[in-house]
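Take a look at the structure set out below.
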Amino acid sequence: MISDIQAKIMQLKKEKDIAILAHSYQSPDILEIADLKGDSFKLSADAQSLPQKILLLCGVRFMAETVKTLSPEKTVILPVENATCPMAEMIDPKEVAAYKRDHPECKVVAYVNTTTELKAVSDVCVTSSSAVQIVSRMEARDILFIPDQNLGSFVRKNCPDKNIITWNGCCPVHDKVTEKDVLEMKKRYPGYKLLVHPECKPEVVKHADYAGSTAGILSYARNTDANILVGTEKAIADTLALEFPQRQFVPLSKRLMCQDMRITNLVDVYRAMQGLSGCEIQIEEQTRLKAKNAIDEMIRLGQ
Ligand code: 13P
Ligand code: SF4
């Protein structure tokens, strides 16, 4: 049933011509009132064809920036100004630019979980689901992969003919899962399929029946009857449990909760729609164009 505040938000959406975009990690009450939901790539790609001029993104800043980079004519609002992904901001773009100067033969591959400034000094972006395909299709052999060393290791393992150098960044949430957690949970839940995000450590990923993006994990889970150990943000286990009440979806670790992705609530959404909280995403045009090149290259190589 729709709550009072959800009804008010729906009314405001119509009055102000606002579309709500919600990442799959958001709470069910936000996902219920969203016009577009999905992983970070789907949100930014599909936002381009939404008719609304104002887009309110429930997620973290790099996702709102990616939407703005691809839809500069739209007003993009992040309802909670300090909802950020720590991994996206782990590297100073100047360090990457300096590395490129010293290694002109090396191409820079940036995970989409990066700031616009980092994308702007990169040659191509990747998502967790497209990283292996894109890197394997690149002409260059020498690759600097930023910022996630775990996803970088996953790509290295799957692209043995490339020389992949990783930065020492990581997702502080996924990186906390240990191999010990996996072994304990597999023993406690025999027969469960293990699905993990490649932001987890290689020693965790190696035990997985499937490793892939949020969208990939959801799709795998929806296309099997098995019970599942969910190796990504707990919200994904909760979403699947609501969809399939007769099956079991157990988070791989209690630590799989991202405070930044959980910070936004319906009151923030309502207030941001009235201009009372949140912030509008602004990107300097030259930086946007350079970042867009890296995203366009991702789309070209990912097809
Ligand atoms: P996706 O790109 O799969 O949406 O992941 C975003 C994220 O922050 C994973 O931790
Ligand atoms: Fe960033 Fe990790 Fe949170 Fe995703 S789960 S937003 S990668 S900190």
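The values are calculated or read from the model by the stated rules, or taken from the named source; none is laboratory data. Only a predicted model underlies this, so the values are computations on that prediction, with no experimental measurement involved. Ideal geometry is used to build each Cβ from the backbone, glycine not excepted, and the neighbour counts take in all protein chains shown. Surface areas here come from the heavy atoms of the whole protein model, side chains and all, with no ligands, DNA or RNA. Shrake-Rupley method; radii C 1.70, N 1.55, O 1.52, S 1.80 Å.
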request  = Looking for whichever is within 13 Å of ligand 1 (Cβ to nearest atom) and surrounded by fewer than 17 Cβ atoms within 10 Å (Cβ to Cβ) here; the options are SER219, SER213. Which one fits?
outcome  = SER219
query = If you go through the stretch 190-200 one residue at a time, how many are open to solvent by 50 Å² or more (accessible area, probe 1.4 Å) and either within 16 Å of ligand 1 (Cβ to nearest atom) or touching a Leu at 6+ places or on another chain (Cβ under 9 Å) (or both)?
reply = 1
query = Is it true that ILE18 is in contact with a Leu (Cβ under 6 Å, 6 or more places away or on another chain), open to solvent by less than 20 Å² (accessible area, probe 1.4 Å) and not hydroxyl-bearing (Ser, Thr, Tyr)?
reply = yes
query = List the pairs whose first member sits in the stretch 285-302 and is of a type outside the set (Ser, Thr, Tyr), whose second member is in a helix (DSSP H, G or I) and surrounded by fewer than 17 Cβ atoms within 10 Å (Cβ to Cβ), and whose Cβ atoms are under 6 Å apart, counting only residues at least 6 apart or on separate chains?
reply = LEU301/ARG137
ask   = In the stretch 1-15, how many residues are in contact with an Asp or Glu (Cβ under 8 Å, 6 or more places away or on another chain), within 27 Å of PHE62 (Cα to Cα) and open to solvent by 10 Å² or more (accessible area, probe 1.4 Å)?
value = 1
ask   = Going through the stretch 257-281 one residue at a time, which ones are outside any helix (DSSP H, G or I) and touching a residue at least 12 places away in the same chain (Cβ under 8 Å)?
value = MET257, CYS258, ILE263, THR264, ASN265, GLN274, SER277, GLY278, CYS279, GLU280, ILE281
inquiry  = Take LEU252 and tell me if it is in contact (Cβ under 8 Å) with a residue 24 or more places away in the chain, within 27 Å of LYS157 (Cα to Cα) and open to solvent by less than 60 Å² (accessible area, probe 1.4 Å).
reply    = yes
key: Residue ID - surrounded by the fewest Cβ atoms within 10 Å (Cβ to Cβ), chosen from residues in the stretch 234-247 that are under 16 Å from MET185 (Cβ atoms) and within 13 Å of ligand 1 (Cβ to nearest atom)   = LYS234
ask   = Tally time: how many residues in the stretch 46-69 are out of contact with any strand residue (DSSP E or B) (no Cβ under 9 Å at 6 or more places or on another chain), open to solvent by 20 Å² or more (accessible area, probe 1.4 Å) and touching a residue at least 24 places away in the same chain (Cβ under 8 Å)?
value = 0
note = Considering only helices (runs of 4 or more DSSP H) wholly within the stretch 82-182, the ones with at least 1 residues that are without any contact (Cβ under 8 Å) to a residue 12 or more places away in the chain and open to solvent by 40 Å² or more (accessible area, probe 1.4 Å) are 93-102, 149-158
